[in-house]
């Protein structure tokens, strides 16, 4: 009997040791993946004050705004970070980030306090998108004073509207605007809504996008792109305006976490629509449209 009890004790200790090793190995992998900050496809923004990033298989991190302070073009945000493993809360801590904007209210840099590295350049692409979306939502926070951005510069822009350069290739736009703010401003200038809603209203557009792009005129018609990026499902709408009326419209882009639908708008206003499962795959041409002289899209 003593021998059996001794063997049972040895076996128990053996299995406990193995279990601990597996747990330590799993924890290490989670911590290692946590540094990658990959965006979770299943995570969704529950409100305008939080967003979710993935830190590996079965691991997710929720960033929730706690406190913000504004110094003209810079907004300092204190986040409560909650780490979940297999949907169970495993850790809670706090991090501070600086959101740097230009005088147009466009985000230029995001860095963790004490670290000069730009989140918009160093994190995984999907995580960059999440932070960039949140930077737009910050401007709508009631504690942010938009009037601190330069009104003089805004008036000059309103009087001399910046127009995008064709072709407008969404993949090229994404790559340039994530890595090169100056290049983005030159080739793909955009306007944030509602800061520049007077421009849209001057064209008779009633929609309320997150941002919009003005394209070169064709046949005395004004094409524009409306970007809806304040939710987990992004959408891009192409519209043709004639005398303050929308002549035609077409959804040209959609990102819902399951697939990517994007576009190329050529100089002759031939619109190529593409589809793929993720950014790593080669996109496949699905359909071609063209803007007619009367403004209709066929």
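Values quoted throughout were computed directly from the atomic coordinates according to the rules given, and no laboratory measurement underlies them. Remember, it's a predicted structure, so these values are computed and weren't measured experimentally. Don't worry about glycine lacking a Cβ; one is built from the backbone with ideal geometry, like all the others, and counts go over all protein chains shown.
In whole percent, what relative contact order does the stretch 151-290 give with Cα contacts below 8 Å and a gap of six or more residues? Kindly include the intermediate steps, with their values, before the conclusion.
Numbers: 250 pairs, mean separation 23.4, N = 140.
This gives 17 percent for the stretch 151-290.
Measuring from label point to label point, each 7 Å out along Cα→Cβ, what is the residue 259 to residue 292 span in nm?
Label-label distance for residue 259 and residue 292, simple model: 2.8 nm.
Under a point spin-label approximation (7 Å from Cα along Cα-to-Cβ), what is the residue 208-residue 277 distance to one decimal in nm?
Here the modelled spin labels are 3.8 nm apart.
By count of other Cβ within 10 Å, fewest leading, how are 283, 276, 290 ordered?
In order of increasing Cβ crowding within 10 Å: 290, 276, 283.
So, R0 is 51 Å and r is the distance between the beta-carbons of residue 268 and residue 146; what FRET efficiency does that work out to, to 0.05?
0.85
Classify the stretch 227-298: rounded, prolate or oblate, from the alpha-carbon gyration tensor (a ≥ b ≥ c, eigenvalue square roots; a/c under 1.5 rounded; otherwise prolate if a/b is larger than b/c)? Intermediate values should be presented prior to the final figure.
Working: a/c = 3.35, a/b = 1.55, b/c = 2.16.
In terms of gyration-tensor shape, oblate.
Based on C-alpha coordinates, I'd like the Rg and Dmax of the stretch 50-146, in Å.
13.6, 42
For residue 122, put the label point 7 Å out on the Cα→Cβ axis and report which residues of the stretch 173-216 keep their amide N under 11 Å from it.
Label zone hits: none.
Please compute the length gained on full extension between residue 103 and residue 87, using 0.36 nm multiplied by the number of residues separating them and subtracting their Cα-Cα distance.
So the chain would gain 1.7 nm between residue 103 and residue 87.
Label points 7 Å out from Cα along the Cβ direction at residue 71 and residue 115: separation in nm?
The two pseudo-label positions are separated by 2.0 nm.
Taking Cα pairs under 8 Å and at least six residues apart, what relative contact order does the stretch 214-273 come out at, in percent? All intermediate terms of the calculation are to be shown ahead of the outcome.
Working: 104 pairs, mean separation 12.7, N = 60.
Result for the stretch 214-273 is 21 percent.
Would you order 193, 94, 289 from fewest to most other beta-carbon atoms within 10 Å of each residue's own beta-carbon? Walk me through the intermediate numbers first.
Numbers: 193 22, 94 10, 289 19.
Going from sparsest to densest Cβ surroundings: 94, 289, 193.
Which FRET efficiency value, to the nearest 0.05, is calculated for residue 95 and residue 217 with the Förster distance at 41 angstrom and r the Cβ-Cβ distance?
On the way: r = 46 Å, r/R0 = 1.12.
In this case the efficiency is close to 0.35.
Compute the length gained on full extension between residue 165 and residue 195: take 0.36 nm times their separation in residues and subtract their Cα-Cα distance, giving the result in nm to one decimal. Intermediate values should be presented prior to the final figure.
On the way: separation 30, 0.36 × 30 = 10.80 nm, distance 2.24 nm.
Taking residue 165 through residue 195 to full extension adds about 8.6 nm, to one decimal.
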